[in-house]
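**Q** I'd like to ask some things about the structure below.
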Amino acid sequence: MPSGGFQPIDGGQMVVRTAVTKTLVLSIFTAILSSFQFGYNIGVINAPQKIIEQSYNESYISRKTPESGSIDVGLLRTLWSLSVAIFSIGGMVSSLCVGVVSQWLGRKRAMIVNNFFAFVGGTMMGLCQVSHSYEMMILGRFIIGAYSGLASGLVPMYVGEISPTHLRGALGTLHQLSLVIGILVAQVLGLDLFLGTMSRWPVLFWVTLIPAALQSVLLPFCPESPRFLYIVCEQEGLAKTSLRRLYGLQDVSDALSEMKEEKRQMDTQQKVSILQIFRSRTYRQPIIVAIMLQLSQQLSGINAIFYYSTDIFFKAGVDQPIYATIGAGIVNTAFTVVSLFLVERAGRRTLHLVGLAGMIMCALLMTVAMVLQETIPAISALSMAAVFGFVAFFEVGPGPIPWFIVAELFSQGPRPAAMAIAGCTNWTSNFIIGMGFPYVADLCGPYVFLLFALVLLGFFIFTYFRVPETRGRSFDEIANAFRRRNPSLLDHEVKASTELDSLGGGDDV
Ligand SMILES: *[C@@H]1O[C@H](CO)[C@@H](O)[C@H](O)[C@H]1NC(C)=O
């Protein structure tokens with residue numbers, strides 16, 4: 001899952017039990033339309049790859065003189081990989097702006113403005129065929145990627161901030177769920193039964209305007225985040241009004257004092273910049289772990305599946321590759337739900353290791369199936385099962401865990417910067433996979449998943465030796481775990497670093 005990232009902010013200790021109001025339901029539904037949009041655009045280019053490629057070819061021919069002939073296979077592959085992968089460049093750029101934009105415009109207005117990107121991106125992709133221009137598609141994918149990068153930060157932030165404390169965890173997971181449903185819907189609509197045909201495929205991209213329009217209409221009826229109104233704007237009166245609407249209570253003093261406590265903590269904790277994170281020894285070990293875990297998520301090859309599974313199944317000799325792709329989408333959705341329960345109960349490190357180990361096994365099975373496919377055609381069923389298992393294990397570990405661990409490794413001061421670094425790493429490696437997979441697949445033939453198995457093994461070993469368990473531990477305990485795993489870090493350094501961490505400061509130590 002290339003989902004993005006801000007975890008809901010830690011609240012105070014007080015638990016305010018409130019009913020779930022209509023306003024709260026409406027606001028959350030409206031917000032996660034963005035997650036749906038994000039997921040939809042991850043999945044949408046998978047099933048119709050062949051027909052869109054054909055359309056690129058026709059655009060190419062129509063623009064050239066008859067003598068120059070049809071499109072070169074290499075050029076076509078480059079154009080297609082670029083159309084797929086440039087999405088992540090847009091996401092990378094905009095995910096770095098989430099902090100600034102959400103402070104400046106507020107959460108709600110930022111989401112309204114973000115829909116502008118969805119309208120422009122969707123329109124450009126929709127017009128790609130009639131205007132005989134694959135450049136429109138590539139630019140449109142970049143813009144919708146920028147939309148997704150912002151959404152991946154704004155939605156969890158807004159949902160976390162409007163949810164009552166006791167529901168925050170449960171409601172926060174709806175972002176992830178809505179995202180995988182978006183992927184699945186895109187895959188179903190991409191069937192040739194629906195929109196996956198030569199004449200209808202542009203409609204697949206016009207569909208992105210529906211959630212954008214719906215969200216633009218509904219957002220004005222949703223309250224702005226009370227946390228933003230109080231902590232950033234210092235408008236206590238407006239924050240109270242917002243809380244009353246969300247909780248359906250007249251007396252919101254409990255929730256308000258929770259935010260007061262948080263504001264007090266934030267005022268005492270200095271913010272740490274991205275540069276400081278890299279320069280300070282305190283954060284070196286944790287940030288390496290954070291970066292490696294993000295890499296393990298993306299370089300696992302999961303997006304090779306989400307972007308290219310139809311092509312992979314086709315090459316593995318599956319009869320109905322598009323239906324196999326939808327099967328993978330269903331497995332993905334089901335295991336996202338499973339993982340929502342697991343993550344609350346089991347240790348992060350354990351889940352990550354189990355997920356990686358499972359993915360290694362499935363990648364090996366996939367390799368065996370693809371190698372033997374020529375001799376035993378029936379083995380294509382095995383490659384299907386292997387891909388389903390691969391996706392399921394991903395959702396158990398490498399999908400959700402990297403985000404959890406980053407949030408838990410860093411205290412409030414350095415957390416936003418650490419999250420930004422993690423997000424940037426995630427999108428960059430997402431781009432590398434989206435762009436590079438078709439080339440690597442060509443180069444390695446049936447052994448491409450063996451490559452992923454090796455990479456995964458590397459991450460398994462790293463996680464085993466270097467990643468501490470974070471669940472239910474304080475930042476001090478985690479710092480101690482790093483010291484045990486890395487004896488070269490001297491005692492006094494760790495002591496200094498723990499102190500710095502509690503101060504939230506920390507340049508060179
Ligand atoms: C492009 O279309 C032409 C004409 O339909 C066809 O002969 C050629 O094989 C196509 N090229 C590719 C790379 O698909």
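**Q** For the subset of segment 262-294 comprising residues that are assigned to a helix (DSSP H, G or I) and polar (S, T, N, Q), which member is nearest to the chain's Cα centre (by Cα)?
**A** Checked segment 262-294; the qualifying residue nearest to the chain's Cα centre (by Cα) is Q294.
**Q** Looking at L139, L150, L76, which one is free of Cβ contacts under 8 Å to residues at least 60 places away in the same chain, in a helix (DSSP H, G or I), of a type outside the set (V, I, T) and within 16 Å of the ligand (Cβ to nearest atom)?
**A** It is L76.
**Q** So, in segment 87-100, of the ones that are without any contact (Cβ under 8 Å) to a residue 60 or more places away in the chain and crowded, with 21+ Cβ neighbours inside 10 Å, which residue ends up nearest to the ligand (Cβ to nearest atom)?
**A** G90
**Q** Residues of segment 31-57 being away from the ligand (no atom under 16 Å from the Cβ) and not in a helix (DSSP H, G or I), which ones?
**A** Scanning segment 31-57 gives V44, I45, N46, A47.
**Q** How about segment 220-230: which of its residues are surrounded by 19 or more Cβ atoms within 10 Å (Cβ to Cβ) and under 27 Å from S148 (Cβ atoms)?
**A** Matches in segment 220-230: C222, P223, E224, S225, P226, R227, F228, L229.
**Q** Still on this model: Collect the residues in segment 196-226 that are without any contact (Cβ under 8 Å) to a residue 12 or more places away in the chain and farther than 30 Å from R244 by Cβ, keeping them in residue-number order.
**A** S199, R200, I210
**Q** May I pose another question? Inspect segment 58-69 for any residue being within 16 Å of the ligand (Cβ to nearest atom) and either among the β-branched types (V, I, T) or at pLDDT 95 or above (or both) and give the result as yes or no.
**A** yes
**Q** Please verify whether I28 is over 17 Å from the mean Cα position of the chain (by Cα), closer than 30 Å to A255 by Cα, away from the ligand (no atom under 16 Å from the Cβ) and at pLDDT 95 or above, treating the condition exactly as stated.
**A** Yes.
**Q** Out of R141, R107, I need the residue that is crowded, with 22+ Cβ neighbours inside 10 Å, charged (D, E, K, R) and under 16 Å from W206 (Cα atoms). Which one?
**A** Exactly one residue qualifies, and that residue is R141.
**Q** Does M124 count as away from the ligand (no atom under 16 Å from the Cβ), in contact with a Cys (Cβ under 7 Å, 6 or more places away or on another chain) and at pLDDT 95 or above?
**A** Judged against the criteria, M124 is not a match.
**Q** Collect the residues in segment 369-426 that are more than 16 Å from the chain's Cα centre (by Cα) and among the charged types (D, E, K, R), keeping them in residue-number order.
**A** Residues satisfying the conditions are E374, E408, R415.
**Q** Of everything in segment 306-325, what is aliphatic (A, V, I, L, M) and in contact with an Asp or Glu (Cβ under 8 Å, 6 or more places away or on another chain)? Give them in sequence order.
**A** Result: I322, single match.
The values are calculated or read from the model by the stated rules, or taken from the named source; none is laboratory data. Here the structure is a predicted model, which is why all the values come from computation and not from measurement. Note that each Cβ is placed from the backbone with ideal geometry, even for glycine, and that neighbours are counted across all protein chains shown.
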